[in-house]
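The values are calculated or read from the model by the stated rules, or taken from the named source; none is laboratory data. Just so you know, these numbers come straight off a predicted model, no measurement behind them. Note: ideal-geometry Cβ built from the backbone for every residue, glycine included; neighbour counts use all protein chains shown. With ligands, DNA and RNA removed, areas are computed over all heavy atoms of the protein, side chains included. Shrake-Rupley method; radii C 1.70, N 1.55, O 1.52, S 1.80 Å.
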Amino acid sequence: VLSSKCESSHRLNELKAEYAAELEKNEELRRQVKELTEKVRLAEQKKDHAQKQVEALGKWSKAGPSGTVKGLRTNPTVIPDEPVNPRLAVILEAVAVGRELIVALANWNVKESLEIWFTNIKRVGITNYLVVALDDKITEFCKSNNVPVYTRDANDGTASIGRTGNNHAVSGLKFLILREFLQLGYSVLLSDIDIVYLQNPFDYLYRDSDVESMTDGHDNMTAYGFDDVFDEPAMGWARYAHTMRIWVYNSGFFYIRPTIPSIELLDRVAGRLAKEPKSWDQAVFNEELFFPSHLGYEGLHAARRTMDFYLFMNSKVLFKTVRKDDRLSKLKPVIVHVNYHPNKLQRMKAVVEFYVDGNRDALKPFPDGSEWEW
């Protein structure tokens, strides 16, 4: 009898173990089914993606005669999502004009440049602009000068970056902050502080692309693209390889519309900067805008436009070319961005003297590049 009881107890334990093993197998199978179902769903979602986009954006149409066919260029804007940031939504409702505005990030390190920045914005008559203050001192400074200001929540995880971060850290932060503006349905002209406003930029925008950016290029080829031929003599008759080149977009001055591709761009850049702390935000910004889809990588489907480099002028164009040309120096740019040079504050003041005060000698003391000749 005792032997029988022991055998029954042992068998019962075996059955329990088998039951537990089967439960574990079933759980693993459920997980696999869930993963496969998700893969099927994603595959279906990607299937005929282009056709679904056409269905969503408009009626089907036949291709017309040669030379008359044009693809879709302007993506629709997102539906505003005010619960994302109700406090910011109230501010934007009061500040924006036509649901668009200039936005700049600033901490106390750039106080003097910021003063030149907003003084010239006011002089031009621009009212739809906003400073995102990254510390309390800048908040109070803006309020004391009647400058529209938005201060982020002190509990926000990005607050410490804004207060103590260097220029590159703050530059990376702007992609995270801009997302909320776009989610709320506003177009943003993102502006660095080292920019002098001479005309209203909203009068010169096309608004036909997801991103409309100033260029670091300095002539028609570098700004708008050219065929650059690479020579490799060892290849014999095939020594010449044609490449397409364009100078990068400046991530310190660009107009971005509230579209899905625009928000995806911000997410991609912010995500990479978080994972690649040594990377430069402008390089990442351009890589995500321009790299095409290829094996293992899906490119961003965003429309882009390059701004006129004489209207939206970088400081290389100004100091190397424009100031030395009697005809070009008489043209009045929309903005001048002191992005190529140090001594930013001094050069900003000189730009104001030259274009606003009419002092034709104001730019002469500065070297073309970053080094002074002794």
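Some notes on this structure:
- Residues within the stretch 202-235 that are open to solvent by less than 40 Å² (accessible area, probe 1.4 Å) and farther than 21 Å from GLU287 by Cα, tallied: 2
- Residue tally, condition in contact (Cβ under 8 Å) with a residue 40 or more places away in the chain and over 22 Å from the mean Cα position of the chain (by Cα), over the stretch 317-334: 8
- With respect to the conditions (1) without any contact (Cβ under 8 Å) to a residue 40 or more places away in the chain; (2) closer than 23 Å to ASN75 by Cα, LEU184 falls short on a single one, namely (1).
- Condition broken by PRO342, with the remaining ones in (1) within 17 Å of ILE121 (Cβ to Cβ); (2) of a type outside the set (Lys, Arg); (3) not in a helix (DSSP H, G or I) satisfied: (1)
- Filter pass, PRO76 being modelled with pLDDT of 90 or more, over 16 Å from VAL131 (Cβ atoms) and more than 26 Å from the chain's Cα centre (by Cα): no
- Considering the stretch 134-159, the residues that are at pLDDT 95 or above and of a type in the set (Lys, Arg) include one that is farthest from PRO86 (Cα to Cα), namely LYS137.
- The residues of the stretch 331-374 that are of a type in the set (Val, Ile, Thr) and open to solvent by less than 50 Å² (accessible area, probe 1.4 Å), listed by number, are VAL334, ILE335, VAL336, VAL338, VAL351, VAL352.
- Within the stretch 200-213, residues that are on the phi > 0 side of the Ramachandran plot have Cβ atoms under 8 Å from residues that are of a type in the set (Asp, Glu) in no pair, counting only partners at least 6 apart in sequence or on another chain.
- Out of LYS122, LYS111, sole residue that is without any contact (Cβ under 8 Å) to a residue 12 or more places away in the chain, under 19 Å from MET348 (Cα atoms) and surrounded by fewer than 16 Cβ atoms within 10 Å (Cβ to Cβ): LYS122
- Of all residues making up the stretch 250-262, the number that are crowded, with 18+ Cβ neighbours inside 10 Å and either closer than 15 Å to GLY172 by Cα or among the β-branched types (Val, Ile, Thr) (or both): 7
- So ALA283, is it free of Cβ contacts under 8 Å to residues at least 40 places away in the same chain and in contact with a strand residue (DSSP E or B) (Cβ under 6 Å, 6 or more places away or on another chain): no
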